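Engineer: Structure incoming, see below.
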C-alpha cells in the first residue's frame with residue numbers, strides 16, 4: 001500500500017558498487033583480452049545500468065506495469081540494434 | 001476525518017481516486033517518456049556500432065585523442081550526483097523539507113562540475129582542429145574521414161547528453177525552490193521522484209558513453 005522507502009545504506013552500497021565498476025572498466029581497457037575487451041566493458045556497463053534502474057530508480061519495488069514498460073523499452077532497443085547488425089554484418093557473406 | 005469516500009486525502013489531486021493511483025500514474029508516465037528517450041539515444045548508439053564496424057582504426061585513433069582521466073573523473077562526478085538525487089527523493093519521502101532542497105542543490109553543483117569539465121574537453125578538441133567540418137585536420141596514417149566520423153558521433157552523443165543535463169539542471173533549480181517552500185510531503189512528492197528518474201536516466205546514458213567513446217583500443221601498442 002504505502003510506497004517503499006529504500007534505506008540510505010542501500011543507496012550508499014549501490015553508489016560504491018558503481019564506483020568500483022567504473023574503476024574496473026578503466027583498468028580492463030588497458031589489458032590485452034582481444035574481442036573480450038568490448039564484451040567485458042559492455043557487461044560492466046549493463047550491470048551498472050541495471051543497478052541504477054533497480055535501486056536508484058526504484059523499479060525493484062514498483063508495479064508490474066512499470067516493470068513491463070521498462071523491459072519493453074530496452075527490448076525494443078535490442079530489436080533495433082539486432083536487426084540493424086543482422087543486415088550490415090552479414091552483407092559480406094554474399095559478395096565473398 | 002476518517003477515510004470516508006467524501007474525505008480527500010492530503011496531497012491528492014482531484015482527478016485521482018487514491019494517492020497510490022496518483023503515484024503510479026506519475027511513475028508510469030515518466031517511464032513512458034524515458035522509453036522514448038531510450039529509443040532517441042538508442043538510434044545514436046546503433047549508428048555508433050555500425051560506423052565503428054566500418055571505421056575501426058579511425059575510431060581507435062579518435063578515441064586516443066580523448067582524455068581518459070577527465071572522462072573517468074566526470075563518470076565519478078555523475079554517479080555521485082545520482083546518489084545525491086536518490087537521497088533527495090529519500091528526504092522527500094520522509095518529509096525532510098530543507099534536506100530535500102539541500103540534496104537537490106548538491107546534485108545541481110555536481111552537474112555543473114560535469115559540464116565545466118566538458119567545456120574544458122570541448123575547447124581542447126577545437127584547439128586541436130578535431131571538431132568535424134571545414135576546420136577538421138588529421139595528419140594520418142588513419143583515414144581522416146574515419147576519424148572525423150568518430151568526432152561527429154562524439155560531439156553529437158556527448159552534446160545531446162550535455163543538453164539533457166542543462167535542461168535537467170534548469171528543472172532541478174525550480175524543484176529545489178519548490179522543495180524549500182515545502183510543496184512536497186511524504187504523501188505527494190511525485191515531482192521529486194519524476195525528476196530523479198530523469199536524472200538517473202542521464203547517468204545511465206553516460207555509463208555507456210564513457211567506455212564506448214573514451215576507452216576504445218586503449219591496450220593497443222602498449
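The values are calculated or read from the model by the stated rules, or taken from the named source; none is laboratory data. Just so it is clear, the model here is predicted, and its values are computed rather than measured. Note that each Cβ is placed from the backbone with ideal geometry, even for glycine, and that neighbours are counted across all protein chains shown.
Engineer: Please tell me if residue B:217 is crowded, with 16+ Cβ neighbours inside 10 Å and in a loop (DSSP other than H, G, I, E, B).
Structural biologist: Spelling it out, residue B:217 is indeed crowded, with 16+ Cβ neighbours inside 10 Å and in a loop (DSSP other than H, G, I, E, B).
Engineer: Could I ask something else about it? Could you list all residues from the stretch B:25-60 that are more than 23 Å from residue A:88 (Cα to Cα), surrounded by 15 or more Cβ atoms within 10 Å (Cβ to Cβ) and more than 10 Å from chain A (Cβ to nearest Cβ)?
Structural biologist: B:26
Engineer: Report, by residue number, each residue of the stretch A:57-96 that is surrounded by 14 or more Cβ atoms within 10 Å (Cβ to Cβ), over 18 Å from the mean Cα position of the chain (by Cα) and under 30 Å from residue A:7 (Cβ atoms).
Structural biologist: A:62, A:63
Engineer: Which count do you get for residues in the stretch B:125-143 that are loosely packed, with under 14 Cβ neighbours inside 10 Å and touching a residue at least 24 places away in the same chain (Cβ under 8 Å)?
Structural biologist: Result for the stretch B:125-143: 1.
Engineer: Within the stretch B:201-208, identify whether any single residue is buried (at least 22 other Cβ atoms within 10 Å of the Cβ), over 14 Å from residue B:41 (Cα atoms) and either at pLDDT 95 or above or within 14 Å of chain A (Cβ to nearest Cβ) (or both), and answer yes or no.
Structural biologist: no
Engineer: If we scan the stretch B:174-194, do we find a residue that is within 14 Å of chain A (Cβ to nearest Cβ), crowded, with 21+ Cβ neighbours inside 10 Å, assigned to a helix (DSSP H, G or I) and free of Cβ contacts under 8 Å to residues at least 24 places away in the same chain?
Structural biologist: no
Engineer: For residue B:81, all conditions in the list (1) surrounded by fewer than 19 Cβ atoms within 10 Å (Cβ to Cβ); (2) more than 10 Å from chain A (Cβ to nearest Cβ); (3) modelled with pLDDT of 95 or more hold save one; what is the number of the exception?
Structural biologist: If we test residue B:81 against (1) surrounded by fewer than 19 Cβ atoms within 10 Å (Cβ to Cβ); (2) more than 10 Å from chain A (Cβ to nearest Cβ); (3) modelled with pLDDT of 95 or more, just (1) comes out false.
Engineer: Give, as residue ranges, the helices (runs of 4 or more DSSP H) completely inside the stretch A:1-95 that count at least 1 residues that are facing chain B (nearest Cβ under 8 Å) and either within 26 Å of residue B:211 (Cα to Cα) or without any contact (Cβ under 8 Å) to a residue 24 or more places away in the chain (or both).
Structural biologist: A:8-29, A:36-51, A:64-88
Engineer: Would you confirm whether any residue within the stretch B:154-165 is in contact (Cβ under 8 Å) with a residue 12 or more places away in the chain, within 30 Å of residue B:16 (Cβ to Cβ) and surrounded by 14 or more Cβ atoms within 10 Å (Cβ to Cβ)?
Structural biologist: Among the residues of the stretch B:154-165, at least one is in contact (Cβ under 8 Å) with a residue 12 or more places away in the chain, within 30 Å of residue B:16 (Cβ to Cβ) and surrounded by 14 or more Cβ atoms within 10 Å (Cβ to Cβ), which makes the answer yes.
Engineer: Of all residues in the stretch B:84-102, count the ones that are without any contact (Cβ under 8 Å) to a residue 40 or more places away in the chain, more than 8 Å from chain A (Cβ to nearest Cβ) and more than 17 Å from the chain's Cα centre (by Cα).
Structural biologist: Qualifying residue count, the stretch B:84-102: 4.
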